[in-house]
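In what follows, a structure is listed as structure tokens, so that the remarks can point back to it.
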Amino acid sequence: LQFSTVQSNRIAGYTPSGRIGIRTGRWTLTASGSGSFTPVAESRFTETREQAGQPLPFAGRSDSKSRTNYGRGHFSAVFDPTPKHTAGFDIEYTERSTHMPTLSRTTLGQTQSDSRYRQHMGGNTLTATANYIWKIDTLGSQFKLIADYTRYTSDGDNSYHTTTCAPGTLRDSLYESATGSVYDILTADAGLTRKLPHGLTLRAGLRYTRNGMADKSHYAAQTQGTWLALPEYSYDQHYTEQIGAAYASLEYSAGRWELSAGLRGEYTSVASQAFGRSYFGLFPNVSVSRALNALRTWLLVAQWSRNIERPAFPALNPARIRISDYSWQSGNPSLRPTYIHRFSLTAVWKYRYTLTVGGNLHHSLTITCLRWRRRHV
């Protein structure tokens, strides 16, 4: 059992947790639970803008005082029927809820806006994993099957009230939004590791991944006491990505040298209401290691690989997070992946001290930024 707390003039947090493990016969069982409760967390966002040829200065300030509750439960079981065979199952559930009221004041020339936002965001995640391992021999050869499923759901219930003052003008606006997202991620992997003669090791396998995303949002505004839908701000989007991959690598060890070379091929298919596309990529990797002394306490390792980095779900989710009356943050479901060439040279001393020099070369770099909106009063 464990408990910790964080206290300051802007944040307070409490984190309890507990874990129990049981080993009985051929079964190994583990259960754990934890929570994180932040009754108050204050933050401040300020902004100023200057634009050539724009006579109207802009300044803004937003203050929020959020409250977050988080809980997690976990259970796993491992069964060893024989020394060569192992099966396991793992399940985890988490839930999060955040209330973030925000007060904002922005000034554009002689126009001043005072806003009050009530933003509530909640979500839960369910993850289940099953695996099977067959130890083929005593040299390290094995066959492994693993399947993993994750389901994440989130929702938002928000309201926004803004009063705008300009010389001779006073304007009120009141609107609300309801958002919801469901993400489904399924992966399955079959991999073989085979020890071969002459210091060779072969690794090969197949992998399938399916990512499903459904986002929807409903906006409405109050006009003369009546709520009216705002279809220009609402959306209902579906996004499905399927990835099939095959990979193989060969490792060689002789004396002070260790060499590894591999190749992974991926075919990706993406579909949504707005677009559909598919693409294929090859991702090689090479690693060379040299021991500088007989005890292998000094090592030099050179590595190069081509990688793919797909946008994270939050970067794809078009839900709007209001910052002020003039700005919000939103994702873009049309973002494409980034390709990266990674290379490095690492010196290792006594297996614990490392010094690495290297770099990343990015192609089709995806940059996520804020989307800004200017209001005309």
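For A59, state whether it is open to solvent by 30 Å² or more (accessible area, probe 1.4 Å), closer than 30 Å to I20 by Cα and either over 23 Å from the mean Cα position of the chain (by Cα) or without any contact (Cβ under 8 Å) to a residue 12 or more places away in the chain (or both). Considered against the rule, which asks whether it is open to solvent by 30 Å² or more (accessible area, probe 1.4 Å), closer than 30 Å to I20 by Cα and either over 23 Å from the mean Cα position of the chain (by Cα) or without any contact (Cβ under 8 Å) to a residue 12 or more places away in the chain (or both), A59 comes out as no.
Quick grid of which residues meet (1) closer than 22 Å to S17 by Cβ; (2) modelled with pLDDT under 95:
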| site | (1), (2) |
| --- | --- |
| F75 | yes, no |
| T86 | no, no |
| T98 | yes, yes |
| N131 | no, no |
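I'd like to check something: does the range 196-213 contain any residue that is on the phi < 0 side of the Ramachandran plot, in contact with a His (Cβ under 9 Å, 6 or more places away or on another chain) and either surrounded by 15 or more Cβ atoms within 10 Å (Cβ to Cβ) or in a strand (DSSP E or B) (or both)? Yes - at least one qualifying residue is present in the range 196-213. Among the residues of the range 294-301, is any open to solvent by 60 Å² or more (accessible area, probe 1.4 Å), over 30 Å from V182 (Cβ atoms) and of a type outside the set (A, V, I, L, M)? Yes, the range 294-301 contains at least one residue that is open to solvent by 60 Å² or more (accessible area, probe 1.4 Å), over 30 Å from V182 (Cβ atoms) and of a type outside the set (A, V, I, L, M).
Only one residue in Y183, Y160 is among the hydroxyl-bearing types (S, T, Y), part of a strand (DSSP E or B), open to solvent by less than 30 Å² (accessible area, probe 1.4 Å) and modelled with pLDDT under 90. Which one? Answer to the selection: Y160.
Of everything in the range 272-291, what is exposed (fewer than 15 other Cβ atoms within 10 Å of the Cβ) and either at pLDDT below 90 or hydroxyl-bearing (S, T, Y) (or both)? Give them in sequence order. Hits for the range 272-291 are Q273, A274, F275, G276, R277, S278, Y279.
For beta carbons closer than 7 Å, sequence separation of 6+ or different chains, a first residue in the range 93-107 that is closer than 16 Å to E42 by Cβ and a second that is β-branched (V, I, T), the qualifying pairs are T98/T68. All conditions but one from (1) farther than 30 Å from A178 by Cβ; (2) out of contact with any Pro (no Cβ under 7 Å at 6 or more places or on another chain) apply to L228; the one that does not is (1).
The values are calculated or read from the model by the stated rules, or taken from the named source; none is laboratory data. The shown structure was predicted, so the numbers you read here are calculated from the model rather than taken from an experiment. Counting neighbours? That spans all protein chains shown, and the Cβs are built from the backbone with ideal geometry, glycine included. Quick note on the areas: whole protein, heavy atoms, side chains included, nothing else; ligands and nucleic acids left out. Shrake-Rupley method; radii C 1.70, N 1.55, O 1.52, S 1.80 Å.
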